[in-house]
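Heads up, the thing below is written out as structure tokens.
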Amino acid sequence: MTNFLARVLANIARPSSTHPIHTIVFLALIASTGYLSILNISVPHSAELLAPSHLYRSASPDAEWKPVDDPTKFPTAAHYAFVKLRFNDADVPLPTINNSVASPAEPTERGVLVPYAELKSWTESVRELSPAAMVTNDDGFSRAVDSAPSGWVWHMSNTRRGFAWLEWFKFSYSRFMQQLKSAETFDVAIMGLAYAAMYLTFLALFLSMRKLGSNVWLAATVIMSSSFAFLFALVTTSYMGVPINMVLLSEGLPFLVVTIGFEAQINLTKAALKSTNKPHIGDVVHAVEEVGPKILLDYAIEMLVFVAGASSGVGGLRQFCFLSVWILVYDAIMLFTFYVAILSIKVEFNRIKRHVSIRKALEEDGVSYRVAESVAESVDESEGQNVGETVLFGKTFKDSSISRFKTFMVIGFVLLNLFNLSTAPFRDQPSAISVDPYKVRPWLASLPAMFPLESFVVTVLPPMDYYFMPKSTVFENTVLSIFEFWSRTIGDPVLSKWVAVVLAVSVGLNMYLFKASQASGHAPQVEIVEKIIEVPQPHVLNHSGSSSTTTTSSSSSYEQDSDDGLVEFTIKPKQRSLPVEEAVAMVKAGRTKELMDEDVISLTKSGKIPLYALEKQLGDCTRAVHIRRAVISRSMDDGTLEKSNLPYLHYDFSRVLGACCENVIGYMPIPVGIAGPLIIDGKQYYIPMATTEGCLVASTMRGCKAMNAGGGVVTVLTQDGMTRGPCVAFPSLARAGAAKLWLDSEEGQRVMKKAFDSTSRFARLSSLKTAIAGTMLFIRFRTTTGDAMGMNMISKGVEHALNVMVETAGFPDMEVIAVSGNYCTDKKPAAINWIEGRGKSVVAEAMIPGDVVRSVLKSDVDALVELNVSKNLVGSAMAGSVGGFNAHAANVVTAIYLATGQDPAQNVESSNCITLMKNVDGNLQISVSMPSIEVGTIGGGTVLEPQSSMLDLLGVRGPHPTNPGDNARQLAKIVAAGVLAGELSLCSALAAGHLVQSHMIHNRSQPSTRATTPAAPSVAQVTRLKQGAQICISP
């Protein structure tokens, strides 16, 4: 059933995912129509909300005003309309209004009595009033005495189009405070808590989406989607004849928002963005298949709860629950259509953004644009946060906590309704019929005195509110009038069809631009098509030894490999070469690629084409390698390179060009083995190792097995900072000392950091360390470089910072001797790297149970501890080692570096390591401290596909999508953990050999003495000794 629902939901979501702009435009138009329907159906006008009441008074002197339902029953009575006018500013002179009555209590209110037949024309005349100074006569009526200042007018609230927002908020606030004073304290407290919970729900939505990589717009579209669902549900319930009480809706809305929440949208977003594959809009459909059935089940459960409420028979609760069911129905529909379209656009934007970010990071690290663009295309996306968690105010809540909170809100909503029902009989009840709903009787007291012999029917209309506004709002009214005119024009039967056509064209254009933005993330693949000349030739053998027939072109013969799309060169039949002059002319004309291979070889040997420029001249890296091999081979005496076993086919040399190597003649395959799995900080890793040393991988594998038995490896990264140490010189020691003091000061650090940081989006200067030698000053820049190893970007930043120091810091006499003055120190043994650290400083530790040491490592805890002290500590100290207090850290470091595209030469400082062992309650505690691991997951050799695939195996390929530098730091931890496994296994092998020898000596039949010489061991004993001392021991 779950699989069936997943397929159905995927089929529903797929059109929205593949046509997101069409979906969004279509649903937005429908929502707009729903909004207009709300205005016409669901939300009555103010005159309907506040229906007029009618009062009747006979001509008798002692008669009183009485409410009546139908004023037409009194045809002889004079029919008047009474309107209360309310003005929002007491400090401004009220306008001049004929027949206006002053308020008995409120100075900002006026009452107007108008013959009912003249009501319509009078209403039109008072839409906008000018202020005036007024006096009140003894009869209670106001009369104008002079004009008020011009420039400002009174606007009627229900006719005014434009208005000043500040005044509107002021008036709304005053009305709200009036309502608040008339409400009960208990109700205010409950509703305050409910609205606070609703706003917290909105805030949690924005925070969750921010964690998923969207600051505002994903959360905003979620709210928009839910608002559309609310509009559709309100229209549906109105058409079905179920009236919705707006007061009840305003009270129940917070409970509805908190109960439904936004977990469905958040979970779908997590599933769509968590994929580690290359981002694609199809990921959204897969996310719907993955989490859609569970989301639909949650919707169904919530609907059942509200259906039960709608069946309760309680009037207000029944209406609210009925509306809530429809809201859930439309919210689910909008989720799998509208929001899926939004997510598809978000995924595509993420892909483009990540593509550009990777390309720029590679370019900053010195990689050419072409190679950077090629690498950016293949780097996978790694996104997301664990599904099943929500982050609020930095704290992680499980889904179970959210469910409990929603349950409490539902229970609270039910209890609140029960409380209101149970306490209703004891509350002050208003009269069944409002005799004077607008409190106008005091206003009408003077009317009988003015007309003593008449009977009256007064229709009391809803109050009219006025705002005192500048005349500049007339401009707003004019603008809105223009919009109204265009709205009427669009309604024309002919023009409306043209509008539909224009809209369709606009949507098509947007789709074209959207697809263009998709294509912008990919480097255009330029395919060079040459004229193919078929010539008879014999069958040749391809790389697999099978017979095949190849096609010969004017430039070279090749066959297309169906697996990787790379070309394989074959020996072609002898063809006529061009004259040298003609061939040179073609080279100068940029037509080198049209020459035959023999012609290119001849021109290269003669120096007409530089050996290093073959790739640029030919536009084909593999052909360039083929020709270069031939040129070099024919320039040598033995000529073996051209037909040597060094491979060059089936390799993407375009990534090598301008990034990794020059004058390429092939590639060197190195066997790659896997050690592991190894549990590092609770997560399982398989560690790739490229090596030609037998038993290294097997030995490391055994160390992994032993450490996993003890719970795995725990790592701590203590420092992250690559260094570059330029050397600068000054004319005198005094100037060198002044420069040192300035660099060590807060001002110097601030100026240099600002200059350095301005050169890169990723490199950030952390600290400066200076050392002086005569008139020379050495400055050690320590910087973070994101996920790149970063030497190129650091060098660029150092150059700029030194230029700023010369030009603006007051040191024009400073001379830059070298950007790298060996104070870094790079690729050389140095105590400063061992003491201060360089790159990533990592400590890795494991606890191996004693029985595992004996059963897996074939050794003893005390023997291992003793061997480590004697060999790794004392022995290395006796040798004067710097950072070499280990068994063979360089072995594992180099193997991992080769496999993952790191710089092998940096093995020198990266192998700085001290191995420590201790007996803890019969168990072995082992740790390695490596202060200078220099790694990166972008740039350098990581641009090559084989190496980057190994980074992908470790889950650290490319830059980290949200926290730059996390991937490189994780790779450093993996390197340290691998070294720990290698140290443990090798030391165990050595200790086992020592243990065997010790038993042989101390367990002889005759005790040894000073005078006797130990007897020669037997053949069996020698065999045991050799086996125990083997470095490569099977796990």
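The values are calculated or read from the model by the stated rules, or taken from the named source; none is laboratory data. Treat the numbers as computed from the prediction; the structure is a model and nothing was measured. Counting neighbours? That spans all protein chains shown, and the Cβs are built from the backbone with ideal geometry, glycine included.
Going through region 778-820 one residue at a time, which ones are surrounded by 21 or more Cβ atoms within 10 Å (Cβ to Cβ) and more than 17 Å from ASP744 (Cα to Cα)?
Answer for region 778-820, where residues must be surrounded by 21 or more Cβ atoms within 10 Å (Cβ to Cβ) and more than 17 Å from ASP744 (Cα to Cα): THR785, GLY786, ASP787, ALA788, MET789, GLY790, MET791, MET793, ILE794, GLY797.
Exactly one condition in (1) surrounded by fewer than 20 Cβ atoms within 10 Å (Cβ to Cβ); (2) modelled with pLDDT under 95; (3) on the phi < 0 side of the Ramachandran plot is false for ASP921; which is it?
(3) is the only condition that ASP921 fails.
Pull out all pairs, ordered by first then second residue, where Cβ-Cβ is under 8 Å, the residues are six or more apart or on different chains, the first lies in region 898-921 and is more than 30 Å from MET668 (Cα to Cα), and the second is of a type in the set (Asp, Glu).
THR915/GLU983; ASN919/ASP862
Checking ARG780 against (1) more than 25 Å from ASN963 (Cβ to Cβ); (2) assigned to a helix (DSSP H, G or I): exactly one of these is not met. Which one?
Single failed check for ARG780: (2).
Just give me the residues in region 811-855 being among the β-branched types (Val, Ile, Thr), in contact with a Pro (Cβ under 7 Å, 6 or more places away or on another chain) and assigned to a loop (DSSP other than H, G, I, E, B), in sequence order.
Once the filter is applied, which keeps residues that are among the β-branched types (Val, Ile, Thr), in contact with a Pro (Cβ under 7 Å, 6 or more places away or on another chain) and assigned to a loop (DSSP other than H, G, I, E, B), region 811-855 yields only VAL819.
Residue-by-condition table, conditions (1) within 27 Å of ALA698 (Cβ to Cβ); (2) buried (at least 24 other Cβ atoms within 10 Å of the Cβ); (3) under 47 Å from the mean Cα position of the chain (by Cα):
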| site | (1), (2), (3) |
| --- | --- |
| GLY837 | no, no, yes |
| ALA846 | yes, yes, yes |
| LEU857 | yes, yes, yes |
| GLU866 | yes, no, no |
| GLY884 | yes, no, yes |
| ALA889 | yes, yes, yes |
| PRO904 | yes, no, yes |
| GLU909 | no, yes, yes |
| LEU916 | yes, no, yes |
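Show the residue pairs that are 6+ apart or on different chains and have beta-carbon atoms under 6 Å apart, the first residue being within region 347-362 and under 22 Å from MET209 (Cα atoms), the second being of a type in the set (D, E, K, R) and in a helix (DSSP H, G or I).
VAL347/ASP283
Out of curiosity, is TYR686 in contact with a Phe, Trp or Tyr (Cβ under 8 Å, 6 or more places away or on another chain), at pLDDT 90 or above and aromatic (Phe, Trp, Tyr)?
no
Looking at (1) within 27 Å of LYS211 (Cβ to Cβ); (2) modelled with pLDDT under 75; (3) not small (Gly, Ala, Ser), which is the only condition ILE295 fails?
(2)
Exactly one condition in (1) surrounded by fewer than 22 Cβ atoms within 10 Å (Cβ to Cβ); (2) touching a Ser or Thr at 6+ places or on another chain (Cβ under 6 Å) is not met by ARG702; state its number.
(1)
Can you confirm whether TYR195 is in a helix (DSSP H, G or I), outside the structural domain of SER311 (by TED's automatic domain parsing), among the hydroxyl-bearing types (Ser, Thr, Tyr) and free of Cβ contacts under 8 Å to residues at least 40 places away in the same chain? Reasoning before the result, please.
Numbers: in a helix (DSSP H, G or I): yes; outside the structural domain of SER311 (by TED's automatic domain parsing): yes; among the hydroxyl-bearing types (Ser, Thr, Tyr): yes; free of Cβ contacts under 8 Å to residues at least 40 places away in the same chain: no.
No.
Determine whether THR715 is outside any helix (DSSP H, G or I) and either β-branched (Val, Ile, Thr) or touching a helix residue (DSSP H, G or I) at 6+ places or on another chain (Cβ under 8 Å) (or both). Reasoning before the result, please.
Details: outside any helix (DSSP H, G or I): yes; either β-branched (Val, Ile, Thr) or touching a helix residue (DSSP H, G or I) at 6+ places or on another chain (Cβ under 8 Å) (or both): yes.
Answer is yes for this residue.
Working carefully through the options ALA59, ALA77, find the one that is in the same structural domain as GLU454 (by TED's automatic domain parsing) and modelled with pLDDT of 80 or more.
Numbers: ALA59 fails: modelled with pLDDT of 80 or more.
Matching residue, one of ALA59, ALA77: ALA77.
Scan region 754-783 residue by residue and report those that are closer than 19 Å to ASN833 by Cβ and either more than 36 Å from the chain's Cα centre (by Cα) or in contact (Cβ under 8 Å) with a residue 60 or more places away in the chain (or both).
Answer for region 754-783, where residues must be closer than 19 Å to ASN833 by Cβ and either more than 36 Å from the chain's Cα centre (by Cα) or in contact (Cβ under 8 Å) with a residue 60 or more places away in the chain (or both): LYS769, THR770, ALA771, ALA773, PHE778, ILE779, ARG782, THR783.
Which residues, taken from region 911-926, are among the polar types (S, T, N, Q), in a strand (DSSP E or B) and closer than 22 Å to ILE974 by Cβ?
Within region 911-926, THR915, GLN925 qualify.
Take ILE301 and decide whether it is on the phi < 0 side of the Ramachandran plot, crowded, with 19+ Cβ neighbours inside 10 Å and assigned to a helix (DSSP H, G or I).
Judged against the criteria, ILE301 is not a match.
Which of the following residues is more than 40 Å from the chain's Cα centre (by Cα) and modelled with pLDDT of 95 or more: VAL853, VAL874, VAL842? Step through it out loud before you land on a result.
Numbers: VAL853 fails: modelled with pLDDT of 95 or more; VAL842 fails: more than 40 Å from the chain's Cα centre (by Cα).
VAL874 is the lone residue from the list that is more than 40 Å from the chain's Cα centre (by Cα) and modelled with pLDDT of 95 or more.
Considering each residue of region 869-910, count those that are assigned to a helix (DSSP H, G or I) and either within 30 Å of ILE938 (Cα to Cα) or in contact with a helix residue (DSSP H, G or I) (Cβ under 6 Å, 6 or more places away or on another chain) (or both), and give that number.
Going through region 869-910 one residue at a time, the tally reaches 19.
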